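Trainee: The structure's right below; bear with me while I get my questions together.
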Amino acid sequence: MQRFQGIAATAAGVRSNGASIRVVLASDGVTLATLYSTNDLTNPTPLINPFLADTTGVYQFYARNGRYTVIPSVGTPVAVGTLSDVLLYDPLDELPGSLPGTVVDVRAYGVKADGVTDDTAALRAALAALSTTAGGVLLLPAASTILVSDFLGFSAANVEVRGGGPGTVIQQTVGNQDLFRTNGYLGITLRDFAITRSATDVSGSGVNASAGSHDLHIIRVESTGFGAFLNATSCDRIRVQTCTAVCDAGGRTGVLLTSCAKASLTDFLISGFAKSIEAVTTDQLTGERLFLVPDAGNTNDAITLTTTTKTVLRRVIGNGFNRALNAVGGSRVQLLDSVWDASSVSVPLYCSGVSQLRLQNISLPSVGAGVNAITLIDCTDAVVQGCVGNGALSFVNVTGGPRTAIRHNTWTGAATNVISVSGLSSYGVIRHNNFYVNFSGIVLNGSLAAGAPDTWTIENNIVQGGTGTFAVGVELLGVWFCTVADNFCVANNTGVHLENTGAGDPSPNRFSNFNRIEDNYCLDNTTDGIYTQNHAQNTFVGNKCIGNGRHGIVINSGTQIAVVGNTCNCNARLDVTGAGIAIATTNEGSVVGNTCARLTSAGHIIGSQKYGILIDATASNTLADGNYCHGNVTAQLQNNGAGTLLGTNWTT
């Protein structure tokens, strides 16, 4: 059961001695309610209805969950002021031994709620009444406007302020002021009403939760005109659910959490703020079904996370802002299942120094050509998975940080490389992505003085239709110990490109060494299926290089190179000097077990592949054994190199 407490008074607020209190059911306004004077659910003490208030006009009673009308009358002086639609609700009503708090209707303390009278003092008095009862529920009348000219501070724990829905409005008439201040009390609940500000000054917060205000619940509250909806510091267990926060005049931050823990935001619209959500040194932040709209300036970040831990944001829908997500430091940050209209965003997703980062199932349509869709700087154990979008400078730009996984993404229309990886970034995986009609493909660049992205695995990707003059499917520049396998590189300038960083780069000229290029399909590229230069101890195994414009595989300026079991057919579509495999300026190369033919399996002649295998005069100490070369225009195996060891090759 719930306790209800009120004061019988005249219209002028003079308390009535011995007033009669009659309580009826709100449903018909006639039937007397069953009342009790105690809360013993097993053997409650009945209270005769009507009953009398005390000599100071104070009265109280207990009743079961329901809606009631409280009618004071007679007394000295005569009491007036019927309280309609009084809701009493105790969620533990059916459990014996429950200890519900007091229920106070603000009208019993002189709140007029007429949209004209300043109700600040009366509302404060109603709040203060709960400070002597170990908390309780403060009821606001439905379909009413309560004007206040100052802040409302809590003076007790376990207090709930409850309205009758969005038609219940608390309107603050001054700016530069908070509306609610929790004052460090725990167990505060605000639900089912709206808060607005008529002043043009938007500083101050709708709710200012100071240190120690744990177990804060804000449910179905609509806010307009405050600089922040919620500003919480050092609070644990915060829940914001089914709320709306709107500020059309340059609000600062929708929700600001500083050094908080266990905060939950769900079903929340935040519109018109410079920042929607900002969390600093906050632990265990969750958000789901968030709708974020920027202010007119559109120059700040929608979500800012600074050294947060265990943050999970899911089903976020937004547009605009400078950055959709700006995460710096911290760990275990996740943004999942979200959609962002990124046409006006500077850098949609920017993460620096975050460990255990996951960006998953995010749609980023129409990213501007001058920015990266996702930027990762020195992030550890980062995962980019299931994202889709178009535009941008690059889809993902990684600088530094070990163990990055980029997988199951789809992207088109990048203005440079669809994925760029540089810096001291190792043990990464790029797998099962679909990239088409970008300027260029996947590039690992070891040119930075800080280090190179070694030990990456790039496999099972589709990289198709590069539009740049030197577009590549996969490019390794000065990197070591990488595996490029089972990729489908089609209709680019070059399928796979392996080369040194170049003497003019910030780092020393670094060759690409100890890499394995295996089982890739390099088809219909403008120049070469696979092109290499300035490298050592790399292995090319089982690749299918077919129908390319010039060569199938080019091994140039290499040392101790193995070319084994590749199929290089029907190349030289655009350059009649092309070969299936071309070896030049290379020492100690092995060309073993390859197939280089100008005929398809059905016997059709395609391309003008001049040579099956061409060993240039600049090559030395090459082993060619077990190769099948058939139907090429000029020669099946053209050996011009020094010290070449020819084994048993089938040449027809």
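The values are calculated or read from the model by the stated rules, or taken from the named source; none is laboratory data. Quick caveat: nothing in here was measured; it's all calculated off a predicted structure. In this analysis, Cβ positions are derived from the backbone assuming ideal geometry, glycine residues included, and neighbour counts consider all displayed protein chains. Just so you know, the surface numbers come from the protein's heavy atoms only, side chains and all, with ligands and any DNA or RNA stripped out. Shrake-Rupley method; radii C 1.70, N 1.55, O 1.52, S 1.80 Å.
Trainee: Here are the criteria: (1) surrounded by 16 or more Cβ atoms within 10 Å (Cβ to Cβ); (2) assigned to a loop (DSSP other than H, G, I, E, B). Tell me which single one V576 does not satisfy.
Mentor: (1)
Trainee: Assuming S426 fulfils every condition listed in (1) within 28 Å of the chain's Cα centre (by Cα); (2) among the polar types (S, T, N, Q); (3) open to solvent by 40 Å² or more (accessible area, probe 1.4 Å) apart from one, which condition is it?
Mentor: Here S426 meets the rest and fails (3).
Trainee: To continue, here is another question. State whether one or more residues within region 511-523 are β-branched (V, I, T) and either in a strand (DSSP E or B) or surrounded by fewer than 17 Cβ atoms within 10 Å (Cβ to Cβ) (or both).
Mentor: Taking every residue of region 511-523 in turn, at least one turns out to be β-branched (V, I, T) and either in a strand (DSSP E or B) or surrounded by fewer than 17 Cβ atoms within 10 Å (Cβ to Cβ) (or both).
Trainee: Can I ask one more? I'd like the full set of residues that are under 15 Å from C247 (Cα atoms) and either part of a loop (DSSP other than H, G, I, E, B) or touching a residue at least 60 places away in the same chain (Cβ under 8 Å) (or both), limited to region 259-299.
Mentor: Hits for region 259-299 are D295, A296, G297, N298.
Trainee: Another question about this same structure. Taking A121 as the residue in question, decide whether it is in a helix (DSSP H, G or I) and open to solvent by 20 Å² or more (accessible area, probe 1.4 Å).
Mentor: Working: in a helix (DSSP H, G or I): yes; open to solvent by 20 Å² or more (accessible area, probe 1.4 Å): yes.
Yes: the conditions hold for A121.
Trainee: Go through region 203-223 and count every residue that is part of a loop (DSSP other than H, G, I, E, B) and surrounded by fewer than 21 Cβ atoms within 10 Å (Cβ to Cβ).
Mentor: At the first step, the residues of region 203-223 found to be part of a loop (DSSP other than H, G, I, E, B) are 203-204, 210-215.
From the residues that got through so far, the ones that are surrounded by fewer than 21 Cβ atoms within 10 Å (Cβ to Cβ) too are 203, 210-212, 215.
Here the count works out to 5.
Trainee: Within region 597-615, track down each residue that is in a strand (DSSP E or B), at pLDDT below 95 and open to solvent by less than 10 Å² (accessible area, probe 1.4 Å).
Mentor: A597
Trainee: If we only count strands (runs of 3 or more DSSP E) wholly inside region 409-449, which ones have 1 or more residues that are within 16 Å of F481 (Cβ to Cβ)?
Mentor: Filter on region 409-449 gives 417-422, 429-431, 440-445.
Trainee: Take S210 and tell me if it is more than 21 Å from L147 (Cβ to Cβ) and at pLDDT below 95.
Mentor: Details: more than 21 Å from L147 (Cβ to Cβ): yes; at pLDDT below 95: yes.
In short, yes.
Every residue, every condition in (1) open to solvent by 20 Å² or more (accessible area, probe 1.4 Å); (2) touching a residue at least 40 places away in the same chain (Cβ under 8 Å); (3) in contact with a Leu (Cβ under 6 Å, 6 or more places away or on another chain), yes or no:
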position: R314; (1), (2), (3): yes, no, yes
position: A327; (1), (2), (3): no, no, yes
position: W340; (1), (2), (3): no, no, yes
position: C351; (1), (2), (3): no, no, yes
position: Q356; (1), (2), (3): yes, no, no
position: P365; (1), (2), (3): yes, no, no
position: V384; (1), (2), (3): no, no, yes
position: G389; (1), (2), (3): no, yes, yes
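Trainee: Now for a different question. Which residues, counting only those in region 243-256, are within 25 Å of G165 (Cα to Cα), modelled with pLDDT under 95 and not small (G, A, S)?
Mentor: If the condition is that a residue be within 25 Å of G165 (Cα to Cα), modelled with pLDDT under 95 and not small (G, A, S), then V246, C247, D248, T253 are the ones that fit.
Trainee: Just for region 144-174: of the residues that are open to solvent by less than 20 Å² (accessible area, probe 1.4 Å) and not in a strand (DSSP E or B), which one is nearest to S210 (Cα to Cα)?
Mentor: Applying the filter and picking the extreme gives F154.
Trainee: Against the definition (within 19 Å of L646 (Cα to Cα) and surrounded by fewer than 24 Cβ atoms within 10 Å (Cβ to Cβ)), how does T559 come out, yes or no? Break it down into steps so the answer makes sense when it comes.
Mentor: Numbers: within 19 Å of L646 (Cα to Cα): yes; surrounded by fewer than 24 Cβ atoms within 10 Å (Cβ to Cβ): yes.
Against the criterion (within 19 Å of L646 (Cα to Cα) and surrounded by fewer than 24 Cβ atoms within 10 Å (Cβ to Cβ)), T559 qualifies.
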